[in-house]
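**Student:** This is the structure, below, for whatever I ask next.
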Amino acid sequence: MIARSGATACLGVLLAALAGCASTASPTATPPPSSRPATSASPADSRTPLQILTAGIPTNTSVAYHFSINDVGGPTYGVIDPATKTTEYDVVSDTHVPDDPKYTMTLKVLTIGKKAWAKVVLAPKNLSGFAYIPRRWMVLAPSKIAGGLPNGFQKDSDPAYARDILANPSDVSQTSPGHFKGITDLTDSGSEILGDARLEALGNAATKLPFTAALDAKGRLTTMSVVMPAAAKFPAFTYKFVYDQYATATVPKAPTGAIKAIPEVYEWIGY
C-alpha cells in the first residue's frame with residue numbers, strides 16, 4: 001500500500017512526513033454509518049464467532065465500498081470496487097519542517113485494471129517551493145510500475161489487513177449482536193500493519209493485542225481496532241479502520257486530461 005504504516009519509507013527531506021515520518025498523532029478514522037447491528041447467529045448457525053467475523057471481510061466478489069484507516073503512518077482512505085478492479089488510496093500527511101509553514105499533503109493513487117494515475121493535493125494550495133508539483137491527475141507509466149502498484153487491486157480486497165489481524169487470534173467472542181472482541185498475535189502477520197521496527201519493539205507484547213470488531217446487519221465487517229501499548233520510541237496507539245458505504249460508495253472514473261507523471265511521484269509511492 002502506498003505510504004502506509006511502518007512498511008512505508010520516508011519520502012525525502014522536502015516531503016518527509018508523507019509516510020508519517022514527522023507525525024506521531026493518532027487521527028480518528030471516519031465513523032461508520034449508523035445502521036442496526038447484525039443479528040446474532042441463529043441456533044442453526046454452527047459457525048464460531050471467529051468464523052462469523054472472518055466471513056464479513058470484503059472479498060473480490062464484494063460490492064463497492066469506502067474505507068478509512070487510522071494508520072500508524074497517518075490516515076488513509078479511499079474506495080474499492082472489485083467488480084471493475086478499481087481502487088483509490090488517498091494518503092494524508094500533516095507536516096512542517098522548522099522555518100517552513102505547516103501544510104497538509106494528500107497523495108491520491110487511482111488504479112482501474114492495469115491503468116494507474118496519481119494526484120497531489122496540497123493545503124494551503126499556494127505553498128512556496130511546490131510549484132513544480134502538478135495539481136492535475138498524472139498518468140503513471142506501466143514501464144515504471146512493472147512490479148505492480150503497491151496499492152493495486154488485491155485478490156482479497158482488504159485494504160486494512162483484517163485477515164492479518166484474524167490470522168492468529170484467541171478468545172474471540174461475540175459480546176452483543178454484531179459486536180466481537182478477542183486477542184490477536186501479530187508476531188507473524190503484523191508487518192504490513194505495524195512495520196518491522198514497531199513489531200520488533202513490541203516483542204512479546206505483539207502476541208497478545210486486544211481487538212474489537214463490528215458487523216453490519218448483513219454480516220459485513222464495518223469496524224475493527226487493535227490496541228497497542230507503547231514500545232521503545234513508539235507511543236501507545238490504536239490501529240482502527242472503517243469499511244462502510246457498501247454498494248453506495250462513489251466509484252472513481254478514469255481521469256480526463258491527465259498529464260505525464262513527474263519523476264518524484266514514483267519515489268513517493270515507493271519506487
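Coordinate-derived values only; no laboratory data. Being a predicted model, the structure only gives us computed values, none of them experimental. Glycine gets a Cβ as well: all are built from the backbone with ideal geometry, and neighbour counts include every protein chain shown.
**Student:** Taking the Cα-to-Cβ direction at Thr238 and at Thr59 and moving 7 Å from each Cα, how far apart do the two end points lie in nm?
**Tutor:** 3.1
**Student:** Given points 7 Å out from each Cα along the Cα-Cβ axis, report the Lys253 to Lys218 separation in nanometres with one decimal.
**Tutor:** 2.4
**Student:** Whole angstrom only: what separates the Cα centroid of the stretch 71-87 from the Cα centroid of the stretch 218-271?
**Tutor:** Computed from Cα coordinates, the inter-centre distance equals 5 Å.
**Student:** What distance in nm separates the two pseudo spin-label positions at Glu264 and Asp45, each 7 Å out from Cα along the beta-carbon direction?
**Tutor:** The answer from the label model is 5.0 nm.
**Student:** Enumerate the amide H contacts of Leu140 below 5 Å, restricted to partners 5 or more residues apart or on another chain; note that Pro and chain-start residues carry no placed amide H.
**Tutor:** Here the answer is Ala116, Trp117, Ala118, since their amide H atoms fall under 5 Å of that of Leu140.
**Student:** When the chain is fully extended, how far beyond the present Cα-Cα distance does Ser128 get from Thr84, taking 0.36 nm per residue of separation? Display every interim value, and only then the final one.
**Tutor:** Details: separation 44, 0.36 × 44 = 15.84 nm, distance 3.89 nm.
Going from the current span to full extension adds 12.0 nm.
**Student:** For the pairs Lys114/Lys253; Lys208/Lys240; Lys119/Lys233; Lys218/Lys253, flag any whose C-alpha to C-alpha distance is greater than 24 Å.
**Tutor:** Lys119/Lys233; Lys218/Lys253
**Student:** Given a cut-off of 14 Å, what percent of all Cα-Cα pairs of the stretch 165-249 lie beyond it? Let's see the in-between values first.
**Tutor:** Numbers: 2301 of 3570 pairs.
The calculated P(r) of the stretch 165-249 puts 64 percent of pairs beyond 14 Å.
**Student:** Something else: Cα-based Rg (one decimal) and Dmax (whole number) for the stretch 130-271, in Å?
**Tutor:** According to the Cα coordinates of the stretch 130-271, Rg and Dmax are 19.1, 53 Å.
**Student:** What are the ³J(HN,Hα) couplings of the stretch 85-91, residue after residue, when phi is run through the Karplus curve with 6.51, -1.76, 1.60 and θ = phi - 60°? Round to Hz, x for glycine and proline.
**Tutor:** 6, 9, 9, 10, 10, 10, 9
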